[in-house]
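Below is one structure, written out as structure tokens, with a few remarks after it.
The values are calculated or read from the model by the stated rules, or taken from the named source; none is laboratory data. These numbers come from a predicted model, not from an experiment. We place every Cβ from the backbone using ideal geometry, glycine too, and count neighbours over all the protein chains shown. For the accessible areas, the whole protein counts, side chains as well, though only heavy atoms, and no ligand, DNA or RNA atoms are used. Shrake-Rupley method; radii C 1.70, N 1.55, O 1.52, S 1.80 Å.
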Amino acid sequence: MDRISPTQRPAGRPIGYQSWSNLSFLHWRVPVEVLRPLIPQPLEIDTHDGVAWLGLVPFYMSGVRPAWAPAVPGISNFCETNLRTYVHLDGANPGVWFFSLDAAKRLAVWIARTRWCLNYYYARMSLERTRAGFRYHSQRSDGSAEVDVDVDLGTTDLDLEPGCHTAERESFEFFLAERYFLYSTDRERRLYRGQVHHRPYPLRPAQLTQCRQSLTQASGIDLSGSADHVLFSPGVNVDIFPLRPVSS
């Protein structure tokens, strides 16, 4: 499968801009048969060495704006957490399927639900720097799901870029992190694909010291045990391209 072409900047102008920072990529091995009923046809689950992966990614968004307007303080910056797995369409265009996305801004939730057909929820969220890492907290406004995650980076240095690396092409880290397509469906179950563009993620290893979450249960996924793989990224600036209908 071609995983390199999606990393290239698409033709046309972006419709928006965002910055994603202080991302933790927490991943669990999950049997394909557990996720398959939750993924719409004709999408197929994208696996690495025959194994499906479920990702929990808390982070901070800033500078969120359409291409025609400036960022607005108090509106353009907020925490987000997404629960996702990886899919492809007919053996091409590998991307992300989101089971849920929680955000701490009601306007962002409304826009993403109506314009991007994504399963967003409003949540009270926080992200704080700890002695050697980051702490994430999220609780949906209806109390149906919450997240408490502590990630240890092993450093007190506020400049997190030194010591980072980029994932080698075709590596497992590349499979998990370098995803530039997203898929969604509307109420009529029509399939759409969106695309983003950014530099390769700067990545560093991290240790998960606490993880209490009920997002997976809320999405109908029975998950137990600590994450099998943990990465951290200081972040990237992102160009957003239009959501378009696709067919198999």
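Is at least one residue of region 33-43 assigned to a strand (DSSP E or B) and closer than 19 Å to GLY220 by Cβ? Checked region 33-43: at least one residue is assigned to a strand (DSSP E or B) and closer than 19 Å to GLY220 by Cβ.
Residue check, ARG124 against (1) open to solvent by 60 Å² or more (accessible area, probe 1.4 Å); (2) not in a strand (DSSP E or B), all met but one. Which one? The number of the failed condition is (2). Considering ALA67, ALA11, ALA104, the condition of being hydrophobic (A, V, I, L, M, F, W, C) and under 22 Å from GLY143 (Cα atoms) is satisfied by ALA104 alone. If you filter region 55-82 down to residues that are exposed (fewer than 14 other Cβ atoms within 10 Å of the Cβ) and free of Cβ contacts under 8 Å to residues at least 40 places away in the same chain, you find that the one that is farthest from TYR122 (Cα to Cα) is TRP68. Does region 170-178 contain at least one residue that is over 23 Å from ARG212 (Cα atoms), open to solvent by 20 Å² or more (accessible area, probe 1.4 Å) and assigned to a loop (DSSP other than H, G, I, E, B)? Yes, there is a match, as at least one residue in region 170-178 is over 23 Å from ARG212 (Cα atoms), open to solvent by 20 Å² or more (accessible area, probe 1.4 Å) and assigned to a loop (DSSP other than H, G, I, E, B).
State whether one or more residues within region 83-100 are part of a loop (DSSP other than H, G, I, E, B), closer than 20 Å to GLU170 by Cα and open to solvent by 30 Å² or more (accessible area, probe 1.4 Å). There is at least one residue in region 83-100 that is part of a loop (DSSP other than H, G, I, E, B), closer than 20 Å to GLU170 by Cα and open to solvent by 30 Å² or more (accessible area, probe 1.4 Å). Count of region 188-211 residues, restricted to those that are loosely packed, with under 15 Cβ neighbours inside 10 Å, free of Cβ contacts under 8 Å to residues at least 60 places away in the same chain and either in a loop (DSSP other than H, G, I, E, B) or of a type in the set (Val, Ile, Thr) (or both), is 3. Report yes if ALA52 is open to solvent by less than 20 Å² (accessible area, probe 1.4 Å), among the small types (Gly, Ala, Ser), at pLDDT 95 or above and over 25 Å from ARG29 (Cα atoms), otherwise no. Here the answer is no, as ALA52 does not meet what is asked. Against the condition touching a helix residue (DSSP H, G or I) at 6+ places or on another chain (Cβ under 8 Å), closer than 22 Å to HIS27 by Cα, open to solvent by less than 70 Å² (accessible area, probe 1.4 Å) and of a type in the set (S, T, N, Q), how does SER219 come out, does it pass? In short, yes. Checked against (1) touching a residue at least 40 places away in the same chain (Cβ under 8 Å); (2) part of a strand (DSSP E or B); (3) open to solvent by less than 30 Å² (accessible area, probe 1.4 Å), ASN22 meets all criteria but (3).
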